[in-house]
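The values are calculated or read from the model by the stated rules, or taken from the named source; none is laboratory data. Since the model is a prediction, treat every value here as computed from it, not as a measurement. Note: ideal-geometry Cβ built from the backbone for every residue, glycine included; neighbour counts use all protein chains shown.
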């Protein structure tokens with residue numbers, strides 16, 4: 001067992017508060033290599049049988065942000081999804097693949113998403129089921145939530161006997177990093193996400209608490225992270241693929257995110273979800289709080305990983321009111337790349353984007369809440385996040 005940067009009785013006691021994180025090297029998406037890595041990463045956790053019993057209906061939830069091919073590293077790679085589905089089947093479980101991208105989804109757009117991301121190939125070749133999250137929803141309580149005491153989620157999530165999440169290790173221009181906690185946002189049906197974004201507004205800490213409240217309401221049984229090839233830079237969709245060479249797993253989303261951030265050289269506490277989890281006592285606050293199986297993090301750490309462009313801190317209300325536009329990051333449409341598809345306007349929670357067919361969308365900066373959904377979901381990567389030079393002084 002590797003306990004990075006922390007030794008002694010006190011460190012071990014803190015580490016015992018959270019489920020261990022298991023790491024395994026995986027250099028490619030070759031099916032045999034991925035299968036071996038999955039077996040290696042699950043072995044210290046008791047194997048897949050520790051999470052799946054015969055007859056259980058198991059929701060396998062990858063990150064399916066948008067209809068992008070696997071090599072773009074926007075979505076969980078189908079080789080990882082296939083390995084998990086087959087491991088669930090080997091235990092006698094009934095795997096069901098499902099997710100809900102942001103924005104307005106339809107059965108036909110979801111079918112196109114599954115085919116482009118390679119999920120339909122997994123579904124057809126393994127014989128597993130798939131579900132359309134936006135078809136039916138249900139309310140679930142979060143009685144100890146700090147921001148929300150309940151959520152509207154896809155019924156398929158609530159009806160599952162177990163949920164296994166398959167996050168992709170990526171940067172994110174709002175939350176700095178997208179991993180095991182952030183992937184749960186996909187359990188909220190696409191268009192419903194807008195209401196939660198509107199509530200959080202420009203405050204990243206409020207949004208992080210919202211995600212942690214959701215995590216408390218629907219904690220997955222297991223998370224297996226695809227970090228074979230992740231994304232650096234302008235994630236979660238417009239960044240660059242980056243070889244990391246890992247599969248990671250844990251029953252704790254917060255511990256898994258802390259370990260993953262360390263593995264790519266990020267300061268974990270610079271990530272709002274990780275920092276707020278630590279403050280709430282729901283996640284590690286220091287490297288010594290981790291229990292890690294497999295290779296030591298120091299041996300697998302990626303050098304020169306490019307983080308997301310620096311996100312602004314949450315601004316006091318009086319600054320937002322009187323000078324927020326001078327210092328706040330804002331979305332800007334690149335007319336050279338924009339195809340005038342209208343997606344940005346369709347997914348904008350406050351309806352701050354005006355779109356006329358055939359013309360470049362116009363963004364109302366006064367109405368914009370800086371959730372960056374337009375940047376996250378633009379299929380052409382034509383929305384940039386501009387940070388005024390005043391931030392450099």
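On the given criteria, is residue 326 surrounded by 13 or more Cβ atoms within 10 Å (Cβ to Cβ), more than 30 Å from residue 21 (Cα to Cα) and at pLDDT below 90?
Criteria not met by residue 326.
Restricting to the range 280-316, count the residues that are under 22 Å from residue 211 (Cβ atoms), in contact with a helix residue (DSSP H, G or I) (Cβ under 9 Å, 6 or more places away or on another chain) and either modelled with pLDDT under 95 or part of a helix (DSSP H, G or I) (or both).
7
Residue 76 versus (1) in a helix (DSSP H, G or I); (2) buried (at least 18 other Cβ atoms within 10 Å of the Cβ); (3) touching a residue at least 60 places away in the same chain (Cβ under 8 Å): which is the lone unmet condition?
(1)
Answer yes or no as to whether residue 121 is surrounded by fewer than 19 Cβ atoms within 10 Å (Cβ to Cβ), on the phi > 0 side of the Ramachandran plot and assigned by TED's automatic domain parsing to the domain that holds residue 97.
Against the criterion (surrounded by fewer than 19 Cβ atoms within 10 Å (Cβ to Cβ), on the phi > 0 side of the Ramachandran plot and assigned by TED's automatic domain parsing to the domain that holds residue 97), residue 121 does not qualify.
Would you confirm, using the coordinates I've provided, whether residue 227 is crowded, with 24+ Cβ neighbours inside 10 Å, in the same structural domain as residue 175 (by TED's automatic domain parsing) and under 17 Å from residue 63 (Cβ atoms)?
So residue 227 fits the description; yes.
Somewhere in the range 369-377, is a residue more than 20 Å from residue 207 (Cβ to Cβ) and either at pLDDT 85 or above or within 25 Å of the chain's Cα centre (by Cα) (or both)?
No, that holds for no residue.
Scanning for something part of a loop (DSSP other than H, G, I, E, B), assigned by TED's automatic domain parsing to the domain that holds residue 130 and modelled with pLDDT under 95, does the range 17-33 turn up at least one residue?
yes
I'd like to verify a number: residues in the range 263-278 that are touching a strand residue (DSSP E or B) at 6+ places or on another chain (Cβ under 9 Å), assigned to a helix (DSSP H, G or I) and touching a residue at least 60 places away in the same chain (Cβ under 8 Å), how many?
Looking only at that region, the number is 5.
In a loop (DSSP other than H, G, I, E, B), buried (at least 19 other Cβ atoms within 10 Å of the Cβ), at pLDDT below 95 and in contact with a helix residue (DSSP H, G or I) (Cβ under 7 Å, 6 or more places away or on another chain): is that true of residue 344 in this structure?
When the stated conditions are applied, residue 344 does not pass them.
Restricting attention to the range 130-181, report how many residues are in contact with a strand residue (DSSP E or B) (Cβ under 7 Å, 6 or more places away or on another chain) and within 30 Å of residue 306 (Cα to Cα).
Summing the residues that are in contact with a strand residue (DSSP E or B) (Cβ under 7 Å, 6 or more places away or on another chain) and within 30 Å of residue 306 (Cα to Cα) in the range 130-181 gives 14.
Please go through the range 198-223 and give me each residue that is in contact with a strand residue (DSSP E or B) (Cβ under 6 Å, 6 or more places away or on another chain) and crowded, with 20+ Cβ neighbours inside 10 Å, ordered by number.
Those that are in contact with a strand residue (DSSP E or B) (Cβ under 6 Å, 6 or more places away or on another chain) and crowded, with 20+ Cβ neighbours inside 10 Å: 214, 217, 220, 222, 223.
Only one residue in 78, 95, 44, 54 is modelled with pLDDT of 95 or more, assigned by TED's automatic domain parsing to the domain that holds residue 251 and within 15 Å of residue 115 (Cβ to Cβ), so which one is that?
Every option except 78 fails the conditions.
Checking the condition surrounded by fewer than 20 Cβ atoms within 10 Å (Cβ to Cβ), at pLDDT below 95 and either under 18 Å from the mean Cα position of the chain (by Cα) or assigned by TED's automatic domain parsing to the domain that holds residue 35 (or both), which residue from 104, 89 passes?
104
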